Amino acid sequence: MNNFNNSKMNVDALFLGPKSENAVFFKEMMEYSVTEHMHWRSSYHPEDPDHITTVDRYAPEYRDTLYRTEGILNQLSSKLKSTSVPWFSPRYMGHMNADTLMVSNLAYVMAMMYNPNNCAQESSPTTTVLEIEAGLDLCNMFGYSVNQSWGHITSGGTVANYEGLWVARNLKSLPIAIAQHEKSQHLLIGKSEKELLNLPVAAVLELIDELKKLNTFEEVRELTARGTGVSLHTLGKLLVPQSKHYSWMKAMDILGLGQQNIVQLPVDTSYRTDVQKMRETVFSLIEQGEPILAVVAVVGTTETGAIDDVKAVIDLRRECEEQYGVSFYVHVDAAYAGYACAMFRDEDNQFIEYDALIHRYHQEGIFPQDVIWPKLDVYESFKALNQADSITVDPHKVGFIPYGAGAICMKDKRIVDLISYHAAYVFEDVQEKHHKLDKQHNVILGSSIMEGSKAGATAAAVWAAHRLVPLNLLGYGKVLAAGITTANWMIEKINQCKAFNIDGRKFTIFAMPDPDFHMINFMFRELGNPSLEKQNRLNKRLYELCSYAAGRTYSNDFLTSSTSLTYEEYGDNPLNLCRDANFTDSEWHNVQSVYVLRAAVMTHCLRDKQHFENYWGALIATFEEKLQQLVDEENKINHSNYKLASN
Ligand SMILES: *Cc1c(COP(=O)(O)O)cnc(C)c1O
């Protein structure tokens, strides 16, 4: 799908730029989009009369309406300029945001003017096709078979996760439904309820085919969880890492599966799911006879960017099938780091061998010599993605596409029939037709996905990005490598940085070493302070001074985000961080929470070492100012306390 010769792609030419350096081109293309659309209107049935005449336009209320339109836009613009977050600038390093691709912004605006609704193809003859293509691009990147798989755009990762669980729920209940259906039950004759709840995903998909042959699929489908509800049977536990995004709690609630049925898997010292403990949890559930609905692996956790061992989950499932006749659905939540799968693929979409990959990175200048990425286990994790049943990925995060663009990819498109409100056969047929881009057909996405009406403009934005920036190491690979490189350099600088001396108080700064992706967690530390509580207050205040909370987003010198690494979410793993920072173990055990500054380093602007050095020099000065401000505040408080006391 991505058979472009892209070796000449220039990363700086992809974005408007922090100083709007590509302003002339961007304006030209924006004007082109608008002009084309206006021509499209005026050329439509030229024989039709104009609706508005010159005389109409001079009417006082007519002119007044236009003035007011302008006035409202003035207001909006000034609101946006004064309080929006300058994501385009490398001074912003916080949430998973950066500048967005010019091509996507333009494609969005261009398509938006036609106002396509991707709920049904009759309302979006162009952009429904683009959505299917963009979905297949992502399936292709993950290594799913293009003829077998299916992907589409969602409003974000949250809804993609809902949909993954929705499919898993209905799939888990299908064998039970078959066993209750007179004309179909012979397909599963002699199976116990336990066996019915533990069929491998592939076996259930085969059953769908069998049911279709019997012409009973639609009847049986109404006996699954979607028809009878989930209360009659326990479909089992959802295993998600402690580090999960909270969308999983919402998903269990909304789908009626119950948050009580979440089993949280502990993480290890690298903040990934602890594989050993995952195995123990799974085996103990098997022992108790408790079915497992699904296991979720996270590729790029929201707080530390940790990449779970997907291969271990896949291997564990195989082991369970072979040893115990137990199986479960596997979903990967790669909302954050999913696009990084592009970094492992060559121009022919082949997954590159590890040594050859590192060699190409350095040979082609994708990474500088001093940055080695990825770790071998991270590499293996991405390689195993094609064995997951479904994957969530967010184009609006590391795809550099404007909101709201999430996506879900499913390994086997037959699974969609379990959530679809189509007559079952139509759908398969439809995708075939899509491959041929048959625009005559009316695809109703809205009846096979979570959402209904939705912007076709989003599909245009994602599609356009994938055409310009291929999903391989020379396309997205180059863009992502810029952020990963900068993150690596940042950590190195932070950990080498000498102490700040502020009014006789000494502060150091240090970062959690060795992240899996480009999320860095760092904190300031006052030397000689034994209290973790005080330390947390210090970093919380620094966050406030470096965020919109300071009330001057636009004029602020540096903007970041923050999080608390708590016992509840991470067990005692943050203890290592506390020890590195010279806190006693008992401080951690008492406070059970470490407040850190958190930055997804996505900027493409600092991939040149010299630029980075300059940036770092300025950032150090900013940090010093922020610390000074904080110390001044504390002095003021102490001073007024003193005055109160002496009164
Ligand atoms: C961001 C994120 C989500 C939620 O995605 P939205 O696009 O915000 O709905 C889910 N899981 C992970 C791991 C995420 O990072």
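Could you grab the pairs with beta carbons closer than 6 Å, sequence gap of 6+ or different chains, first residue in region 242-264 and within 16 Å of GLU290 (Cβ to Cβ), second one among the charged types (D, E, K, R) and more than 16 Å from the ligand (Cβ to nearest atom)?
The qualifying pairs are ASN261/LYS237; VAL263/LYS237.
SER270 versus (1) among the polar types (S, T, N, Q); (2) within 24 Å of LEU197 (Cβ to Cβ); (3) within 22 Å of the chain's Cα centre (by Cα): which is the lone unmet condition?
(2)
Does at least one position in region 631-639 carry a residue that is within 30 Å of ASP268 (Cα to Cα) and loosely packed, with under 12 Cβ neighbours inside 10 Å?
No, there is no match, as no residue in region 631-639 is within 30 Å of ASP268 (Cα to Cα) and loosely packed, with under 12 Cβ neighbours inside 10 Å.
Looking at this structure, is LEU473 in contact (Cβ under 8 Å) with a residue 24 or more places away in the chain, under 18 Å from ILE366 (Cα atoms) and surrounded by fewer than 20 Cβ atoms within 10 Å (Cβ to Cβ)?
no
If you check MET30 against the conditions, is it in contact (Cβ under 8 Å) with a residue 60 or more places away in the chain, over 25 Å from the mean Cα position of the chain (by Cα) and surrounded by 11 or more Cβ atoms within 10 Å (Cβ to Cβ)?
Numbers: in contact (Cβ under 8 Å) with a residue 60 or more places away in the chain: yes; over 25 Å from the mean Cα position of the chain (by Cα): yes; surrounded by 11 or more Cβ atoms within 10 Å (Cβ to Cβ): yes.
So MET30 fits the description; yes.
Among the residues of region 315-333, write down those that are surrounded by fewer than 21 Cβ atoms within 10 Å (Cβ to Cβ), within 30 Å of the chain's Cα centre (by Cα) and of a type in the set (Asp, Glu).
Across region 315-333, the qualifying residues are ASP315, GLU319.
Show the residue pairs meeting these rules: Cβ distance below 6 Å; 6+ apart or different chains; first residue within region 577-601 and of a type in the set (D, E, K, R); second residue part of a strand (DSSP E or B).
Sorted first by the residue in region 577-601, then by its partner, the pairs are ARG598/ASN521; ARG598/SER561; ARG598/SER562; ARG598/THR563.
What pairs come up if the first residue lies in region 161-176 and is touching a residue at least 12 places away in the same chain (Cβ under 8 Å), the second is among the small types (Gly, Ala, Ser) and within 12 Å of the ligand (Cβ to nearest atom), and their beta carbons are under 8 Å apart, counting only those six or more places apart or on different chains?
ASN161/SER247; ASN161/ALA251; ASN161/ALA335; TYR162/SER247; TYR162/ALA251; LEU165/ALA251
Which residues, taken from region 244-301, are among the charged types (D, E, K, R) and assigned to a helix (DSSP H, G or I)?
LYS250, ASP253, LYS277, ARG279, GLU280, GLU287, listed by residue number.
I'm told LEU73 meets every condition in (1) farther than 30 Å from LEU545 by Cα; (2) in contact (Cβ under 8 Å) with a residue 24 or more places away in the chain except one. Can you identify the failing condition by its number?
Here LEU73 clears every test but (2).
Looking at region 280-303 only, could you name the residues that are within 16 Å of the ligand (Cβ to nearest atom), polar (S, T, N, Q) and either touching a Leu at 6+ places or on another chain (Cβ under 7 Å) or at pLDDT below 95 (or both)?
Answer for region 280-303, where residues must be within 16 Å of the ligand (Cβ to nearest atom), polar (S, T, N, Q) and either touching a Leu at 6+ places or on another chain (Cβ under 7 Å) or at pLDDT below 95 (or both): just THR302.
Given the criterion modelled with pLDDT of 95 or more and out of contact with any Cys (no Cβ under 6 Å at 6 or more places or on another chain), identify the matching residue among SER564, SER555.
The conditions single out SER564.
Report whether or not GLY135 is outside any helix (DSSP H, G or I), modelled with pLDDT of 95 or more and closer than 30 Å to ALA487 by Cβ.
The answer is no for GLY135.
All but one of (1) within 23 Å of LEU130 (Cβ to Cβ); (2) of a type in the set (A, V, I, L, M, F, W, C); (3) away from the ligand (no atom under 12 Å from the Cβ) hold for ILE178; state the number of the condition that does not hold.
Failed condition: (1).
Could you tell me which numbered condition GLY338 fails, if it satisfies all but one of (1) more than 16 Å from the ligand (Cβ to nearest atom); (2) surrounded by 17 or more Cβ atoms within 10 Å (Cβ to Cβ); (3) closer than 19 Å to GLY475 by Cβ?
(1)
Which residue, of ARG57, ARG68, ARG63, ARG41, is modelled with pLDDT under 95 and over 30 Å from ALA482 (Cβ atoms)?
ARG57
Check ALA312 against each of (1) of a type in the set (Gly, Ala, Ser); (2) part of a helix (DSSP H, G or I); (3) within 15 Å of the ligand (Cβ to nearest atom) and name the one condition it does not meet.
(3)
If you go through region 389-408 one residue at a time, do you hit one that is more than 12 Å from the ligand (Cβ to nearest atom), in contact with a His (Cβ under 7 Å, 6 or more places away or on another chain) and under 28 Å from ILE208 (Cβ atoms)?
yes
Collect the residues in region 94-126 that are touching a strand residue (DSSP E or B) at 6+ places or on another chain (Cβ under 8 Å) and outside any helix (DSSP H, G or I), keeping them in residue-number order.
GLY94, HIS95, MET96, ASN97, ALA98, ASP99, THR100, LEU101, PRO116, ASN117, ASN118, SER124
Results for (1) in a helix (DSSP H, G or I); (2) more than 37 Å from the chain's Cα centre (by Cα); (3) surrounded by fewer than 11 Cβ atoms within 10 Å (Cβ to Cβ); (4) among the charged types (D, E, K, R), shown as yes or no for each residue.
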{"position": "LYS8", "(1), (2), (3), (4)": "no, no, yes, yes"}
{"position": "PRO18", "(1), (2), (3), (4)": "no, no, no, no"}
{"position": "THR35", "(1), (2), (3), (4)": "yes, no, yes, no"}
{"position": "HIS39", "(1), (2), (3), (4)": "yes, yes, yes, no"}
{"position": "HIS45", "(1), (2), (3), (4)": "no, yes, yes, no"}
{"position": "PRO49", "(1), (2), (3), (4)": "no, yes, yes, no"}
{"position": "ARG63", "(1), (2), (3), (4)": "yes, yes, no, yes"}
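Taking region 479-496 only, how many residues are surrounded by 18 or more Cβ atoms within 10 Å (Cβ to Cβ), more than 26 Å from the chain's Cα centre (by Cα) and either farther than 27 Å from MET602 by Cβ or not basic (Lys, Arg) (or both)?
Total satisfying the criteria: 1.
Look at GLU533 and say whether it is charged (D, E, K, R), surrounded by fewer than 16 Cβ atoms within 10 Å (Cβ to Cβ) and touching a residue at least 40 places away in the same chain (Cβ under 8 Å).
yes
For region 181-215, name all the residues that are in contact (Cβ under 8 Å) with a residue 24 or more places away in the chain and more than 38 Å from the chain's Cα centre (by Cα).
Scanning region 181-215 gives HIS181, LYS183, SER184, LEU187, LEU214.
If you take the residues in region 239-267 that are within 10 Å of the ligand (Cβ to nearest atom) and of a type in the set (S, T, N, Q), which one is surrounded by the fewest Cβ atoms within 10 Å (Cβ to Cβ)?
Per the stated criteria, the residue is SER247.
Any residue that is assigned to a loop (DSSP other than H, G, I, E, B) and either surrounded by fewer than 22 Cβ atoms within 10 Å (Cβ to Cβ) or not basic (Lys, Arg) (or both) - is there at least one of those in region 155-162? Walk me through it before giving the result.
Filtering region 155-162 for residues assigned to a loop (DSSP other than H, G, I, E, B) gives 155-156.
If we keep only those that are either surrounded by fewer than 22 Cβ atoms within 10 Å (Cβ to Cβ) or not basic (Lys, Arg) (or both) too, we end up with 155-156.
Taking every residue of region 155-162 in turn, at least one turns out to be assigned to a loop (DSSP other than H, G, I, E, B) and either surrounded by fewer than 22 Cβ atoms within 10 Å (Cβ to Cβ) or not basic (Lys, Arg) (or both).
Across region 133-172, which residue is nearest to the ligand (Cβ to nearest atom) among those that are β-branched (Val, Ile, Thr) and closer than 20 Å to ALA465 by Cβ? Full working, then the answer.
Step one: list which residues in region 133-172 are β-branched (Val, Ile, Thr), which gives 146, 153-154, 158-159, 167.
Of the ones still in play, those that are also closer than 20 Å to ALA465 by Cβ are 146, 153-154, 159.
Details: VAL146: 25, ILE153: 11, THR154: 8, VAL159: 7 Å.
Ranking the candidates gives VAL159 first.
Among the residues of region 348-360 satisfying the criterion of being more than 24 Å from the chain's Cα centre (by Cα) and under 18 Å from VAL469 (Cβ atoms), which is farthest from the ligand (Cβ to nearest atom)?
Checked region 348-360; the qualifying residue farthest from the ligand (Cβ to nearest atom) is ASP348.
The values are calculated or read from the model by the stated rules, or taken from the named source; none is laboratory data. Just so you know, these numbers come straight off a predicted model, no measurement behind them. Reconstructed Cβ throughout: ideal geometry from the backbone, glycine too, with neighbour counts over all protein chains shown.
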